[in-house]
1. Only one residue in 127, 116 is surrounded by 24 or more Cβ atoms within 10 Å (Cβ to Cβ) and more than 26 Å from residue 334 (Cα to Cα), so which one is that?
2. Restricting the search to the range 220-238, which residues are surrounded by 16 or more Cβ atoms within 10 Å (Cβ to Cβ) and out of contact with any strand residue (DSSP E or B) (no Cβ under 6 Å at 6 or more places or on another chain)?
3. For a quick check of your reading: which helices (runs of 4 or more DSSP H) sit entirely within the range 77-177 and have at least 3 residues that are more than 17 Å from the chain's Cα centre (by Cα)?
4. From the set of residues in the range 190-206 that are touching a helix residue (DSSP H, G or I) at 6+ places or on another chain (Cβ under 9 Å) and assigned to a loop (DSSP other than H, G, I, E, B), which is surrounded by the most Cβ atoms within 10 Å (Cβ to Cβ)?
5. Exactly one condition in (1) farther than 19 Å from residue 118 by Cα; (2) out of contact with any helix residue (DSSP H, G or I) (no Cβ under 8 Å at 6 or more places or on another chain); (3) loosely packed, with under 15 Cβ neighbours inside 10 Å is not met by residue 317; state its number.
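The values are calculated or read from the model by the stated rules, or taken from the named source; none is laboratory data. Just so it is clear, the model here is predicted, and its values are computed rather than measured. Here Cβ is always computed from backbone atoms with ideal geometry, including for glycine, and neighbour counts include all displayed protein chains.
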């Protein structure tokens, strides 16, 4: 069976998600948000338990190349990009089983053994594999340059049986927001301003935020922000927004492509010391799967070559502000751009 996965901008998501949140879209990436529908894993992943929830699977009359499983993180942008992958893979003749989860570490337990494709973020997956191989305190291999980061991560991806395809110019880094009122009261424009203010804050963020250099760890050590508590309410999730709006927390995690903040009376604090690595979107594919299905490279690289950061901001806004479904937004964009 073939599996396709999405990711924290991160994942971190490292993003979206998630690092921006597998297809870890950690971004972290920011990297990488809203909950997706859940389901049960198919036979290929059922033996690994019910950690991975299905956000839906479908087949087309042309699906004669077998089944591909896509996984990723459970936030709107990751859902959007996963649905783009899904539509393109179905057009190419595959039956798609799509599974989205809360954090990168969940789907990475099954990728690439029973997951075939993951929409990822460059820095998110590089940091994850580095920490898995060399420990949580390993020296970071990520930089602000996507190609350099992928080159540094290649020994790790090769050892893991993962092939990284072409990174997109579209990028989505983790970011942190406050209410406009809180910013005005404390004269805040940057994360450095918050650190210098001496204010103790509660942080609402992804479940894997604590200790990460692009999340709580970097905010505390690099910026000197006094974080009294981390509430694991999710990356750019409705719970995270509401926690900050209600004053339960003062700082929330989202992405640089979040199109919903202004309408909610929220604003980003600038990452003026650049704790966020390159979080360009990039397809992560099981090397074994790609060897058997080389056409997948052209299918997904074609998407990466057209998708831009401005596209992500606009499409995320359709989901968060206009309440459109990620699958519908994905289909419309793909058709408008001649990919469907």
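1. None of the others qualify; the one that does is 127.
2. 222, 223, 225, 232, 234, 237
3. 122-134, 146-160
4. The extreme case among them is 206.
5. Of (1) farther than 19 Å from residue 118 by Cα; (2) out of contact with any helix residue (DSSP H, G or I) (no Cβ under 8 Å at 6 or more places or on another chain); (3) loosely packed, with under 15 Cβ neighbours inside 10 Å, only one is false for residue 317: (3).
For every residue, the table says whether it meets (1) modelled with pLDDT under 95; (2) under 23 Å from residue 256 (Cβ atoms).
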position: 120; (1), (2): no, yes
position: 124; (1), (2): yes, yes
position: 147; (1), (2): no, yes
position: 155; (1), (2): no, no
position: 166; (1), (2): no, yes
position: 177; (1), (2): no, yes
position: 183; (1), (2): no, yes
